[in-house]
Structures are given as structure tokens and as C-alpha cells.
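Below: the structure, in C-alpha cells.
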Amino acid sequence: MKRAAEVCVTASAASAALALALSLEGCRMSENVHQTPTPAASPGAARDDAADHAPGADALSVQRAAISIDMHADTVQFVVDEGADLNERLTTTHLDAVRMKEGSLDAQFFSIWVEPEHYGLKGEGAVARADEQVAAIRSLAQRRPETWTLATSAADIRRAKEEGKLSALLGLEGGYAIDEKLENVERFYRLGVRYMTPTWTASTSWAGSSGDAAGQTRGLNEFGREVIREMNRLGMMVDVSHVSDETFRDIVQTSTKPVIATHSNARALAPVPRNLTDEQIRALAQTGGVVCVVFYPAFVEPGWRELKERVDAEIAQLVREAGRRAEGRGSAKRIARDRVREREYSKRLPKVPIARLVDHIDHIVRLVGVEHVGLGSDFDGIQATPRDLSSVADLPNLTAELLRRGYSQSDVAKILGGNILRVMEEVERGTGS
Ligand SMILES: [Zn+2]
């Protein structure tokens, strides 16, 4: 309770109406945790199944019985640029093996992300940067096979769970690293990459992004469609997070396999271009795919992004200085700047309650059913997290909120990872992998 009260005072001091509203919501949430849930309000309750719904079930044991998969974390940047050892308990990241075990997260897709500002939208530099990150994740399993498995299939994840090991998986974020060459899709597949997001915040020559002006009119060109067909052929999942609305439409029309969004929320609840419209969520579900909700408050809570922009203006000088002081290559400077942002956001911005994130899950479930939702935290790629969800160790708090809303244990298991396992199996089918 003390902590909740402190949050309220801090947020009120921010003097923005939204900040106050959020903090009050936070207090209300904290106080309601032990009260009787009102299941009628949640879609989970609508399908509540007495056979497998255990009232008061402990979230951690529900998670241990399930297979939990997070579709997106940017932790590998810290491994490559700062030498972070994911086998130790770290204080500089949101994720490591110790906290994955504490939070019972079984499988992590590590985002292989090529920063266009430093490595280009294509070219050898972009390929080399991706290779460096792939190697860092592959070496986790090579050096610590008792802890990690490099998983490239649903069966690998299931086996690792049985053996008490963590699964490390590879996803390529931003198609820059294929260097506009179709053969590189297969090259990355052979290295273990099992999904690709055609763009990050900048459009490529072959796919429009939701993050720039070009993307407002650009979808896939013919090469882009070839890339999608090649991914289908190989058994690499197609990820629509970050792509423009035009690219989304072209991907759904082109792909013959289920399409996923590895880290996106519902635009109906938080109207930002990175989130999916109800029409897009329905179209994605029709492919058999899954929307994995992202934890970043700007994509969870309407108005949070505007507050953040105000804070960004206030701290611009601090951020610039941190970048100037940092030594090493461009990405080291980015990490230094992000650290300052993280510190200042935690002081100056309201914490968004987990309940708001679960509202996105509820919304997607109401639209298309519980078979089409999953988790894509974006841990280590975001400088703020929801309250009580500050690292992978906190994942049971999210599970607890799902249970509180009346989701059955089997539905929780689908959301935590079962739906993604189904998609992986379907995408793998007929590819000989
Ligand atoms: Zn992203």
C-alpha cells in the first residue's frame, strides 16, 4: 500500500490530468487486488470452464504447468554491445536466465535488430550486424547447454521445457539485413531465424513502415511479395508489427501461412500507428495467426505517449550529454541515451497498471477469440514498463490478472504460449524442418 500511495503523490505532482487519472487508477487497482473479482466484466469469464478453472489458483504454478513464450525482447543488443552475461542476474536489462526461471518464462525470441542509423537500410554492414547478434544468441546454447537450447521449432521448445531448459529463439526485426537479396532469407533461416518483421520504423525499398512518411503510401512491391512467399516456403513466420497499413494488407493477401504480430496492441484502445485496428486483428485471426501484446506504456495507454514527448523535451539536454560522453560505436551511445531516458521516465511519468495491458488482451479476445492472442514484451527495447511488470521475473503478475478476470487455466496457457506453438507447428508443416 505504501508503494501505491507514493506513486499517487508522484503522479499528481506531474500535474497532467492523464497522469492523475492513471495514478488514481493505479491506487484503485492495488486496493482491489484482494477483493472478489467481477468476472462478468471480462471475456475470460464468459468462457469460464469450471473443469479447469481453479479459483485462487496461484499464478506461478499455473505458469509452470504451461509453456510461456515471449515473442520479442531486444536483450541481445546488451550482449553484443556491453558484454552482458545472460546467465547472471543482471540489473542493466529486463531479462536474464535467472529471472526467466523466477518468472517461469520458458522461451524467448531474441530480436535481431539492425539499427538503420548506424548500419544502413541494406548492405554488408547490416548483414554483418545481424550475424553478430545471431552468433551471440547461438553461443548461449553452445556455452551453457545445461541452461539453454537454441530452439528452431515448436518441438524444440516442448522438449526444452521437459528437460528444464530455457529456449532461445531468433527473430529478425527489420528486413534490412536481407540486403534486398532473396537468398539471404534462406541464409538467415539456416542460421535459426524463425520470424522476420519486414520493417522497423523506417521503410525498406520493398516494404512500407508505420514509422515514416514513405510508409503512408507504400505496401509490398513485387520483391516484397517474393520475400513473403519465400518465408512461407521455408517455414519462417511473417511478423506485421511495425509495418504500414498498406504492407499489412499486402502481407495478409500474400501469405498462405498464419501471420503474427510479435509486439503490437489494439489501436481501438491506444490509437498509435504501431497498434492494429479491429479490422486488421480480424484479418490476422483469419489467417490463423496471433497478436502478441506489447508492454510499452505508449502502446498500452492513450495519452501516455504525449506525456512522454513532453518529458523528452525537458530532458533533451541530459540525453544529448549522455550520448556525447559514451564511448564506443553508435549503438553504445544509443544505450547510454536510453539509460537516461529510462531513469527520467521512471521519475517523471505515471506507471501504467498491468490491468490496462490486460484490457488489450480482453479486447482482442472479444473480437476474435482466445486462440489469437499472445505475449511480446519488447523488454530491453523499451525505456518504461507497466507497474509490477518491470522484468521477466514479474510475468506471474500478468498471469494473476488474467486469472483474476476469470480466464481458465487452459485459456491462460494458450495466451502464454500455446497459441504461438500452434502457429509455429502450422508454419513448419510441409517445410521439412
Ligand atoms: Zn520493435
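Please give the number of the condition residue 407 fails out of (1) surrounded by 21 or more Cβ atoms within 10 Å (Cβ to Cβ); (2) within 16 Å of the ligand (Cβ to nearest atom); (3) part of a loop (DSSP other than H, G, I, E, B).
(2)
Which condition number does residue 116 fail, the rest of (1) within 16 Å of the ligand (Cβ to nearest atom); (2) surrounded by fewer than 24 Cβ atoms within 10 Å (Cβ to Cβ); (3) under 18 Å from the mean Cα position of the chain (by Cα) being met?
Condition not satisfied by residue 116: (3).
State all residues of region 146-201 that are within 16 Å of the ligand (Cβ to nearest atom) and out of contact with any Gly (no Cβ under 8 Å at 6 or more places or on another chain); if no residue qualifies, say none.
Within region 146-201, 171, 172, 173, 174, 175, 177 meet the criteria.
Tell me, please, whether a residue that is within 16 Å of the ligand (Cβ to nearest atom) and touching a Gly at 6+ places or on another chain (Cβ under 6 Å) can be found in region 242-251.
Within region 242-251, one or more residues are within 16 Å of the ligand (Cβ to nearest atom) and touching a Gly at 6+ places or on another chain (Cβ under 6 Å).
This table checks each residue for (1) crowded, with 18+ Cβ neighbours inside 10 Å; (2) among the acidic types (Asp, Glu).
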residue	(1), (2)
298	yes, no
317	no, no
321	no, yes
328	no, no
345	yes, no
357	yes, no
386	yes, no
392	yes, no
401	yes, yes
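Determine which member of the set 175, 215 is touching a Pro at 6+ places or on another chain (Cβ under 6 Å), at pLDDT below 95, within 26 Å of residue 375 (Cα to Cα) and surrounded by 18 or more Cβ atoms within 10 Å (Cβ to Cβ).
Going through 175, 215 in turn, just one is touching a Pro at 6+ places or on another chain (Cβ under 6 Å), at pLDDT below 95, within 26 Å of residue 375 (Cα to Cα) and surrounded by 18 or more Cβ atoms within 10 Å (Cβ to Cβ): 175.
Residue under question is residue 288, and the condition is that it be at pLDDT below 95 and more than 16 Å from the ligand (Cβ to nearest atom); does it hold?
no
Does residue 338 satisfy being in a helix (DSSP H, G or I) and at pLDDT 95 or above?
It is false that residue 338 is in a helix (DSSP H, G or I) and at pLDDT 95 or above.
If I filter region 383-398 for residues that are farther than 23 Å from residue 269 by Cβ, in a helix (DSSP H, G or I), out of contact with any His (no Cβ under 7 Å at 6 or more places or on another chain) and more than 16 Å from the ligand (Cβ to nearest atom), do I get at least one hit?
For region 383-398, residues farther than 23 Å from residue 269 by Cβ, in a helix (DSSP H, G or I), out of contact with any His (no Cβ under 7 Å at 6 or more places or on another chain) and more than 16 Å from the ligand (Cβ to nearest atom): present.
Any residue that is more than 16 Å from the ligand (Cβ to nearest atom) and at positive phi - is there at least one of those in region 325-336?
Within region 325-336, one or more residues are more than 16 Å from the ligand (Cβ to nearest atom) and at positive phi.
Restricting attention to region 67-106, which residues are part of a strand (DSSP E or B) and within 16 Å of the ligand (Cβ to nearest atom)?
70, 71, 72, 73
Would you pick out the residues in region 254-275 that are under 22 Å from residue 111 (Cα atoms) and basic (Lys, Arg)?
257, 274
The values are calculated or read from the model by the stated rules, or taken from the named source; none is laboratory data. Remember, predicted model here, so these are calculated numbers, not experimental data. Neighbour counts are summed over all protein chains in view; Cβ atoms, including those assigned to glycine, are modelled from backbone coordinates with ideal geometry.
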